[in-house]
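This report concerns only the one structure given below.
The values are calculated or read from the model by the stated rules, or taken from the named source; none is laboratory data. None of these values were measured; they are calculated from a predicted model. Cβ atoms come from the backbone with ideal geometry, glycine included; neighbour counts cover every protein chain shown. When the accessible area is computed, the model is the full protein with side chains, heavy atoms only, and any ligands, DNA or RNA have been set aside. Shrake-Rupley method; radii C 1.70, N 1.55, O 1.52, S 1.80 Å.
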Amino acid sequence: MSKIRSMSLTTRIMIGMILGVAVGFLFQAIVIGEEKFIIPPGLLSVPIKSFLVDGLFHIGGQIFIASLKMLVVPLVFVSLVSGTCSLSDPKKLGSLGGKSIGLYLITTGVAITVAMTLAILISPGDGVELPTNASFDAKEAPTLAQVIINMFPTNPIDAMASGNMLQVIVFSLLFGIAMALSGKAGNRVAAVFEDLNTIILKLVTLLMNVAPYGVFCLMAKLFTTIQVELILSLAKYFAVVVAALAIHAFVNYSILLKLFTGLNPIIFLKKMKHTCLFGFSTSSSSATMPITLETATKKLGVNNSVASFTIPLGATINMDGTAIMQGVATVFIAQVYNVDLALSDYLMVVLTATLASVGTAGVPGVGLIMLAMVLNQVGLPVEGISIIIGVDRLLDMIRTAVNVTGDCMVTCVVAKSEGQLDEQTFNDPDAAKDLEDYHKSTE
Ligand code: ASP
């Protein structure tokens, strides 16, 4: 036991994840064993399903996700208000906002271009049979005008209650600016916000220590239903998406980081490990946000005045991994349905997918809703989504890890350009080790 405790948190989360996957597959093996009468039917699978899969694992996983989500609104509000207020010059917000939104859009554009190029070269849709009774219920996607208008809350309490992140960001920014301009009254309240920030971050740290168990429960439940045959039947599509995600995360981000900041990309990627594990297991940039913010400030050395703005914004509007899936899926569906796309269609896909990512929240599965919007735009059948939906759950996990990495990469670039990145912390491999070791130190 003490040996496990002495491992780093990242290792423990990794072990939780691997054990969860193994337990999920073991359950699938038991079901197969019962189907083949090697084990009496229902002897093991029924009690395991009701007490473990739908019982313990379900409850544990949902409580874990709920506790992460519980922190998002208070964390964004408190850290963004105190971050904005501590900006020496509130006018700097304009350049901060411009740079981050610009970079978020550019990286998404690059991501989808790489993805489509790869898909055109490899043709994952060739030889895939057209489904006979395909159907997909496409939800209405918001227009850009709606997205912009919706950013401004009529009632901030309502925005917080419904978790409307863009509205919470706008209100927090305005509140922080007003606080900075309010002299003594502002200073008094700012001190309270700073203390609140410390307390909420402590809550994040506490929660991180139960993460290995939460991740185990999530994985164990999910992998009882993941169908390997389905993935194999779409192996080429799956492989192209994963390859494009890997190129973007390891090559594109490294080049951009080196080019814009001169920082070492290997150090950056190493420090992203456990945030990626959270992204992977929760499939939600939004639920991962407390961890992403901790990583940006404590491990990567970004000042809270920048990170408290760019990370929540990124978790809401920046989804490079999702755009990659959409790029590959669009080309794939066009190939399956034998539709030739013109260059103008490809450009339309880049534009629509990039803008669509602004208006959709970082929650599991949202990428498919955005994909429907992209397909509509270029006249491809939305039912095509039903072909890939079976493998999307696993891809969602991988692309969410890329989404959160993109948020941190852009955050580093913006912070460096604003002189708000502490390079000593960035380069220190042990930075924020205390965060991981919290559990040990309190024993
Ligand atoms: N799950 C992704 C995220 O939260 C969004 C998606 O691709 O569906 O970033």
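Anything in the stretch 335-355 that is open to solvent by 70 Å² or more (accessible area, probe 1.4 Å) and either touching a Cys at 6+ places or on another chain (Cβ under 6 Å) or free of Cβ contacts under 8 Å to residues at least 24 places away in the same chain (or both)? List them, or say none.
Asn338, Asp340, Leu343, Ser344, Leu347, Leu351
Name the pairs: first residue in the stretch 34-56 and acidic (Asp, Glu), second residue in a loop (DSSP other than H, G, I, E, B), Cβ to Cβ under 6 Å, at least 6 apart or on different chains?
Glu34/Pro41
Please list, ordered by residue number, the helices (runs of 4 or more DSSP H) wholly in the stretch 268-383 having 3 or more residues that are closer than 30 Å to Leu173 by Cα and of a type in the set (Ser, Thr, Tyr). First the steps, then the outcome.
Values: elements: 273-282, 285-294, 304-317, 320-336, 343-356, 366-377.
Correct list: 285-294, 304-317.
Starting from residues that are in contact with a Pro (Cβ under 9 Å, 6 or more places away or on another chain) and open to solvent by less than 80 Å² (accessible area, probe 1.4 Å), keep the ones in the stretch 15-66 and report whichever is nearest to Leu277 (Cα to Cα).
Checked the stretch 15-66; the qualifying residue nearest to Leu277 (Cα to Cα) is Met17.
Could you tell me whether the stretch 206-221 includes any residue that is within 18 Å of the chain's Cα centre (by Cα), open to solvent by 20 Å² or more (accessible area, probe 1.4 Å) and closer than 18 Å to Ile398 by Cα?
yes
What are the pairs, 6+ residues apart or on separate chains, where a residue within the stretch 240-263 that is surrounded by fewer than 22 Cβ atoms within 10 Å (Cβ to Cβ) has its Cβ under 6 Å from a residue that is at pLDDT 95 or above and among the small types (Gly, Ala, Ser)?
Filtered contacts from the stretch 240-263: no entries.
Under 7 Å between Cβ atoms, at least 6 apart or on separate chains: pull out the pairs that start in the stretch 138-149 with a residue that is at pLDDT 70 or above and end on any residue that is of a type in the set (Val, Ile, Thr) and open to solvent by less than 80 Å² (accessible area, probe 1.4 Å).
If the second residue must be of a type in the set (Val, Ile, Thr) and open to solvent by less than 80 Å² (accessible area, probe 1.4 Å), the pairs left are Val147/Val358.
If we scan the stretch 79-94, do we find a residue that is part of a helix (DSSP H, G or I), closer than 29 Å to Thr405 by Cβ, at pLDDT 90 or above and open to solvent by 50 Å² or more (accessible area, probe 1.4 Å)?
no
Out of (1) touching a Pro at 6+ places or on another chain (Cβ under 8 Å); (2) surrounded by 13 or more Cβ atoms within 10 Å (Cβ to Cβ); (3) over 17 Å from Val78 (Cα atoms); (4) aliphatic (A, V, I, L, M), the odd one out for Met151 is which?
Failing condition for Met151: (1).
Kindly evaluate Thr297 against the criterion of being out of contact with any Ser or Thr (no Cβ under 6 Å at 6 or more places or on another chain), free of Cβ contacts under 8 Å to residues at least 12 places away in the same chain and open to solvent by less than 40 Å² (accessible area, probe 1.4 Å).
It is true that Thr297 is out of contact with any Ser or Thr (no Cβ under 6 Å at 6 or more places or on another chain), free of Cβ contacts under 8 Å to residues at least 12 places away in the same chain and open to solvent by less than 40 Å² (accessible area, probe 1.4 Å).
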